[in-house]
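Note sheet for the following structure.
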Amino acid sequence: MTLPVMVTGAAGFIGFHTALSLLKQGKTVVGVDNMNPYYSVTLKKDRLKLLQAYPDFHFHEVDISDRESMNDVWQAHAPIHYVIHLAAQAGVRYSLVDPYPYITSNIMGFMVILELCRYQPGFQHLVYASTSSVYGTNKEMPFSETQRADSPMSLYAATKRSNELMAQSYHYLYNLPVTGLRFFTVYGPWGRPDMSAFKFMKAMLSGEPIDVYNHGKMARDYTYIDDIVRGILAALTHQPKGGNEQMHPVYNLGNHHSESLMDFIEILEKSLNINAVKNFLPMQDGDVPATSADISAAARDFGYAPSTRIHEGIPRLVSWYKDYNKL
Ligand SMILES: NC(=O)c1ccc[n+]([C@@H]2O[C@H](COP(=O)([O-])OP(=O)(O)OC[C@H]3O[C@@H](n4cnc5c(N)ncnc54)[C@H](O)[C@@H]3O)[C@@H](O)[C@H]2O)c1
């Protein structure tokens with residue numbers, strides 16, 4: 001029995017893979033998730049089943065914005081010295097449809113996590129998920145952490161940028177060891193059905209057209225899930241130095257290869273052996289045409305070295321998708 005690592009959003013895409021990796025290393029994991037129906041709860045339950053095969057996985061179905069329940073979970077496993085905070089209302093586009101869960105989960109939920117960590121004697125490190133979306137209208141490529149990030153194009157991005165500012169205040173006031181990670185379009189097996197790779201596969205396999213925004217003139221720094229998990233765990237062991245005069249560290253975790261959306265679709269077509277019928281559409285509100293990550297800070301500080309390009313990652317995703325859906 002080791003000191004537990006709390007993973008919030010453990011039934012989610014990145015949380016599941018992170019928790020699994022920790023369990024495989026023999027760590028004890030306290031998983032938290034509210035199992036909300038933003039997308040298939042069956043998929044979330046299926047991920048959990050794999051985690052629950054490990055006796056050192058302790059799961060609590062709790063909302064992170066419910067401070068009493070979160071305090072009970074914390075006390076039941078105290079002391080907790082490490083937290084990987086991944087629970088959030090994700091998705092740029094949905095924040096234009098229903099903004100409220102973004103405030104409850106991403107702002108209030110993050111507040112609760114900060115307070116729990118703040119009062120834990122001997123607390124070692126809080127690592128939390130931010131996003132490439134914080135770069136907003138920034139046109140300078142690749143996106144670097146030294147660039148300004150004060151022009152969010154969606155409420156989702158605004159809540160994540162707020163998390164970075166909230167974390168900074170706790171780092172400054174209470175010397176909280178905290179690190180933010182800006183993820184760039186993560187994809188892979190067990191991924192989120194609201195993300196384009198999944199929407200494309202579903203439509204292509206049922207002979208329906210796929211929606212291609214900005215007439216295909218989009219580029220993303222697609223990052224394979226295993227690379228992201230390695231980055232998260234490496235960041236966890238790289239505790240920021242004390243001294244509240246410094247800014248708390250925030251790192252880009254991308255792949256450092258911006259790929260065109262049309263190339264992404266072409267590899268998907270080859271992997272599925274299906275030619276997609278493309279429905280070319282204008283740019284969507286809240287979306288950015290391109291992302292590209294400068295990952296030199298993460299490489300320098302904790303050896304982050306993503307190695308999976310889309311021509312390897314997409315076939316693995318397709319193979320899992322067919323297997324999971326018994327196709
Ligand atoms: N996947 C990406 O490409 C990507 C990119 C940038 C940032 N992120 C961030 O990474 C984190 C993980 O993303 P993901 O892709 O795994 O998303 P996900 O939706 O699969 O996982 C998030 C999990 O958090 C849970 N959750 C949401 N609100 C909660 C609440 N109030 N209380 C408890 N649990 C709650 C959900 O049920 C879900 O299982 C999120 O913070 C997301 O914003 C993801």
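Any read-out appearing in this document is the output of simple, stated calculations on the displayed coordinates, not a laboratory observation. This one's a predicted model, so the numbers in the text were calculated from it and none came from an experiment. Positions of Cβ are generated from backbone atoms using ideal geometry, with glycine treated the same way; all protein chains shown enter the neighbour counts.
Measuring gaps between exposed loop sites in the chain (trypsin sites (Lys or Arg not before Pro); DSSP loop; at most 16 other Cβ atoms within 10 Å), the longest gap, sites not included, is 1-138. Considering the chain as a Gaussian network with a 10 Å cut-off on Cα pairs, which listed residue, 235, 299, 158, attains the greatest mean-square fluctuation? In this elastic network of the chain, the residue with the biggest mean-square fluctuation among 235, 299, 158 is 299.
In terms of distances greater than 18 angstrom between alpha carbons, the cross-link table entries 49/202; 202/322; 49/160 yield 49/202; 49/160.
The length gained on full extension between residue 247 and residue 266, counted as 0.36 nm times the residue separation minus their Cα-Cα distance, comes to 2.7 nm. Among the GluC sites (Glu not before Pro) in region 218-326, those placed in a DSSP loop whose Cβ has at most 14 other Cβ atoms within 10 Å are 245.
In the chain, helical runs assigned H by DSSP with n ≥ 4 each contribute -39500 (n - 2.57); averaged across all residues and rounded to the nearest 500, the mean residue ellipticity at 222 nm is -11500 deg cm²/dmol.
Tally Lys/Arg at +1 and Asp/Glu at -1 over every other residue whose Cβ is under 12 Å from the Cβ of residue 47; what's the total? Residues near residue 47 contribute +2 overall.
Taking the DSSP beta bridges with both ends in the chain, the antiparallel portion is around 5 percent. Springs join every pair of Cα atoms under 10 Å in this Gaussian network model of the chain, and among 146, 137, 237 the largest mean-square fluctuation is at 146. Where a ≥ b ≥ c are the square roots of the eigenvalues of the C-alpha gyration tensor, would you call region 33-119 rounded, which needs a/c under 1.5, or, failing that, prolate if a/b is larger than b/c, or oblate? Verdict is oblate for region 33-119.
A prolate overall shape is assigned to region 203-327, the ratio a/c of its alpha-carbon gyration tensor axes (a ≥ b ≥ c) being 1.5 or greater and a/b exceeding b/c. Across q = 0.13, 0.21, 0.22, 0.24 Å⁻¹, region 201-246 modelled as identical point scatterers on its alpha-carbon atoms has Debye log10 I(q)/I(0) values of -0.63, -0.88, -0.90, -0.94, in the order of the q list.
Each Lys and Arg adds +1 at its Cβ and each Asp and Glu adds -1 at its Cβ; summed about the Cα centre, the chain shows a dipole of about 480 debye. Amide H to amide H, with H built 1.01 Å from N, residue 183 comes under 5 Å of 130, 131, 132, 253, counting only residues 5 or more places away or on other chains.
May I ask for the net charge around residue 262, where only other residues with Cβ less than 12 Å from the Cβ of residue 262 are counted and Lys, Arg are +1 while Asp, Glu are -1?
Details: positive: 217, 220, 278; negative: 259, 263, 266, 269.
Every neighbour counted, the sum reads -1.
Projecting the Cα atoms of 78, 256, 36 onto the charge dipole of the chain (Cβ charges, centred on the Cα centre) puts 256 farthest toward the positive pole. Values of log10 I(q)/I(0) for region 101-187 across q = 0.11, 0.13, 0.14, 0.15 Å⁻¹ run -0.32, -0.44, -0.51, -0.58, by the Debye formula with one identical scatterer at each alpha carbon and no solvent. Scaling against 2.2 N^0.38 Å puts the C-alpha radius of gyration of the chain at 0.96. Build a GNM of the chain with springs between Cα atoms under 10 Å apart, and of 274, 210, 113 the one that fluctuates most is 274. Once you order the gyration tensor axes a ≥ b ≥ c over the Cα atoms, which shape class does region 20-171 get: rounded for a/c under 1.5, otherwise prolate or oblate by comparing a/b with b/c? Taking the square roots of the gyration eigenvalues as a ≥ b ≥ c, region 20-171 is prolate.
Centre-to-centre, using Cα atoms only, region 253-327 and region 193-217 are separated by 13 Å.
Normalising the average separation of contacting C-alpha pairs (under 8 angstrom, six or more residues apart) by the number of residues puts the relative contact order of the chain at 18 percent.
Every Cα-Cα pair in region 138-241 was counted, and those over 18 Å apart are 66% of them. Over region 262-321, the alpha carbon radius of gyration divided by the compact-protein estimate 2.2 N^0.38 Å works out to 1.50. Length available on full extension from residue 283 to residue 326: 0.36 nm per residue minus the Cα-Cα distance, which gives 12.1 nm.
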